[in-house]
Amino acid sequence: MIDEIFVILYGLAIIAFVAWNIKKGTFVIDPNKLIPSLIIVFVVLAIILVFNGVPFDTAVSVVGKIGAGGIMFAGVVPMIGAAIGLFRFGDEYGPNIFYARNHITGIIDTVASLVMIFGGLLIFRLDLVAVGFFFFVLIPFCGNALANAYYYSYQRRLEK
Amino acid sequence: MMDVASLTSLADSVFFWGAFTFMVAVAIAGLGALRLALKGEAVTSLMGVSALTTAAGVSLYIIQIIFEVEFARDTAIALLVLGAVGTIIFARLFRMEEGE
């Protein structure tokens, strides 16, 4: 029972924090401070577990899995936002809406690859990190190629 | 002395529900991408298929991690890598055929 309550509170806290960031339009806490603070908190948590008699590898695995779960909870809000955007922006906005949709699919790709990279690092799955990183490198080329193709084929024909 | 079994169970539970919630969110984004793929002209459809490929690949990778279905990983890697590379190649083809 305690597990389920912790999962719900932890997930809701992270989702609410990410939603607050998105609503504000900028970082609520500067990432230069937030990320080192989170790393320090998780290292201290692992040290406390080790001093309480938990084996080192188990302590690191427990802390890493909780962190990876948090990263996945953090990816939920941008994904839902991207889905709402894809349903929201229809063809009635004119031919230039393609670029907004391109941005939205870029968000889907970026969130997916970042979750794969950092989640994989925290659960020690290097194959996941490698695939996520390779995908992350390809995303800008993909978006640029699509926008380029749209501009030189469809939109230029419309303008003529 | 802390109970190792309950700690491991807590971490597994957090990871499982985090991954599951993310997979549901990815599935909803995949539905949006599917809608994009089924309407509009060629490049918009290509963009929708690309996003759908990403959603399917990430979902399959998560399925491999939380349910330990081994074949899902190979399918996910193929979808993610070939999806992105294929999108770039087809976008170049569209530009060459219809544009310049």
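The numbers here are math on the coordinates, done by the rules we state, and not lab data. From a predicted model like this one, the values you see are computed outputs, not experimental measurements. Heads up, the Cβs are rebuilt from the backbone with ideal geometry, glycines too, and the neighbour counts pull from every protein chain shown.
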Most exposed first, judged by fewest Cβ atoms within 10 angstrom, A:ARG101, A:ARG125, A:ARG88 run A:ARG88, A:ARG125, A:ARG101
Considering every residue in A:139-148, what mean count of other chain Cβ atoms within 10 Å of its Cβ is obtained?
6
Place a +1 charge on the Cβ of each Lys and Arg in chain B and a -1 charge on the Cβ of each Asp and Glu, then give the dipole magnitude about the Cα centre in debye, rounded to the nearest 20.
260 debye
Provide the gained length on full extension for the span A:PHE27 to A:PHE141, in nm with one decimal, where the gain is 0.36 nm per separating residue minus the Cα-Cα distance.
38.4 nm
Mean per-residue count of partner chain Cβ within 10 Å for A:1-7 equals 4
If each DSSP helix of 4+ residues adds -39,500 (n - 2.57) and the sum is divided by the residues in the protein assembly as shown, what number results at 222 nm, nearest 500 deg cm²/dmol?
-29500 deg cm²/dmol
Given unit charges at Cβ for Lys, Arg (+) and Asp, Glu (-), the dipole magnitude of the protein assembly as shown about its Cα centre in debye, nearest 20, is 760 debye
Please say if segment A:90-160 is rounded, prolate or oblate, where rounded means a/c under 1.5 for a ≥ b ≥ c the square roots of the C-alpha gyration tensor eigenvalues, and otherwise the choice is prolate for a/b larger than b/c and oblate otherwise?
prolate
May I ask for the distance between the Cα centers of segment A:1-34 and segment B:34-100, given as a whole number of Å?
30 Å
Per-pair calculated FRET efficiency, R0 = 25 Å: A:ASN52 and A:PHE124 via Cβ, rounded to 0.05
0.65
Rel. contact order, % - alpha carbon contacts under 8 angstrom, at least six apart, segment B:20-90:
27 percent
Taking N as its residue count, the alpha carbon Rg of the protein assembly as shown over 2.2 N^0.38 Å
1.12
Fewest to most neighbouring Cβ within 10 Å: what's the order for A:THR105, B:THR87, B:THR8, B:THR21?
B:THR8, B:THR21, B:THR87, A:THR105
Can you bin segment A:1-74 into rounded, prolate or oblate? Criterion: square roots of the alpha carbon gyration tensor eigenvalues sorted a ≥ b ≥ c, rounded for a/c under 1.5, prolate for a/b above b/c, oblate for the rest.
oblate
Relative exposure of A:ILE66, B:ILE89, judged by other C-beta atoms within 10 Å (fewest first)
B:ILE89, A:ILE66
Distance in nm between A:LEU12 and B:LEU82 label points, each 7 Å along Cα→Cβ, equals 4.4 nm
Shape category assigned to segment B:41-100 from the gyration tensor of Cα positions, a/c cut at 1.5
prolate
Report the FRET efficiency, 1/(1 + (r/R0)^6), for B:ILE66 and A:ASP91, where r is their Cβ-Cβ distance and R0 is 35 Å, rounded to 0.05.
0.40
